[in-house]
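Asks: Before we start, here is the structure in question, set down as structure tokens.
Every number here is computed from the coordinates shown, using simple stated rules; none is lab data. In this text the structure is predicted, and so the values were computed from the model without any measurement. As a convention, Cβ positions derive from the backbone with ideal geometry for all residues, glycine included, and neighbour counts pool all protein chains shown.
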Amino acid sequence: MRNVVFLIALSIGMLVTTTGTFRAQRHEHDKKYWKERKEEDKRRGEYYKKRDKERDKYYKESYKHGFPKWAKVHRYDSHHHVYFREYNTFYDPYRRGYVFQDRGRWRFSLDVPSFLVGIDLGRAHIRIIKDIPISRHPEDFYDDYEEDYWD
């Protein structure tokens with residue numbers, strides 16, 4: 001009988017001791033978690049600050065250098081990509097240039113492409129694309145839409 005009582009007391013003692021150890025380990029884990037979380041929040045805040053600073057710099061630069069000649073006619077404010085439907089060409093305000101297809105591949109040019117030189121883009125039909133983030137390349141999204149969307 002003594003042995004049974006002793007074993008029960010021993011098992012209860014071990015259970016209490018191990019539970020306390022687990023709690024201590026969990027508490028240490030919580031400290032580590034919150035420390036890492038705080039550091040991650042700090043890094044995220046720095047990232048957002050840097051991103052906002054770059055975006056503000058971009059908008060200042062775009063207004064400083066002016067708009068393309070055709071922008072005033074279309075009341076374009078350089079906050080979105082523009083697609084010239086008849087010429088299968090985009091204006092990318094982030095890179096401040098034109099993206100067009102040449103022999104099945106997308107090309108980028110800071111200047112108006114040679115096939116658009118004699119064309120009055122102020123009279124061209126345009127589509128302002130608002131669902132593509134300005135920092136992304138518009139040609140990457142071209143295949144995601146059906147032909148009806150662009151035409």
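Asks: Between Glu46 and Gln101, what is the spin-label point distance in nm, taking each point 7 Å from the Cα along the Cα→C-beta axis?
Replies: The modelled label-to-label distance comes out at 4.4 nm.
Asks: Check which residues have an amide H placed less than 5 Å from Gly97's amide H, if you skip close sequence neighbours.
Replies: It is Asp92, by chain and number.
Asks: Under the Karplus relation 6.51 cos²θ - 1.76 cosθ + 1.60, θ = phi - 60°, what is the ordered set of whole-Hz ³J(HN,Hα) values for the stretch 84-98, x standing for Gly and Pro?
Replies: Ordered by residue, 3J(HN,Hα) equals 8, 4, 5, 10, 6, 10, 10, 10, 9, x, 5, 8, 6, x, 10 Hz.
Asks: May I pose another question? Note the full-extension length gain between Ile119 and Asp30 as 0.36 nm times their separation in residues minus their Cα-Cα distance, in nm to one decimal. Mind showing how you got there, number by number?
Replies: Numbers: separation 89, 0.36 × 89 = 32.04 nm, distance 6.55 nm.
In short, 25.5 nm is gained.
Asks: What list of ³J(HN,Hα) couplings, whole Hz, do you get for the stretch 34-41 from phi and the Karplus terms 6.51, -1.76, 1.60, once you set θ to phi - 60° and write x for glycine and proline?
Replies: In residue order, the calculated couplings are 5, 5, 5, 4, 5, 5, 5, 4 Hz.
Asks: A follow-up question, please. On full extension of the chain, what length is gained from Lys53 through Arg127, given 0.36 nm per residue of separation minus the C-alpha to C-alpha distance?
Replies: So the chain would gain 23.8 nm between Lys53 and Arg127.
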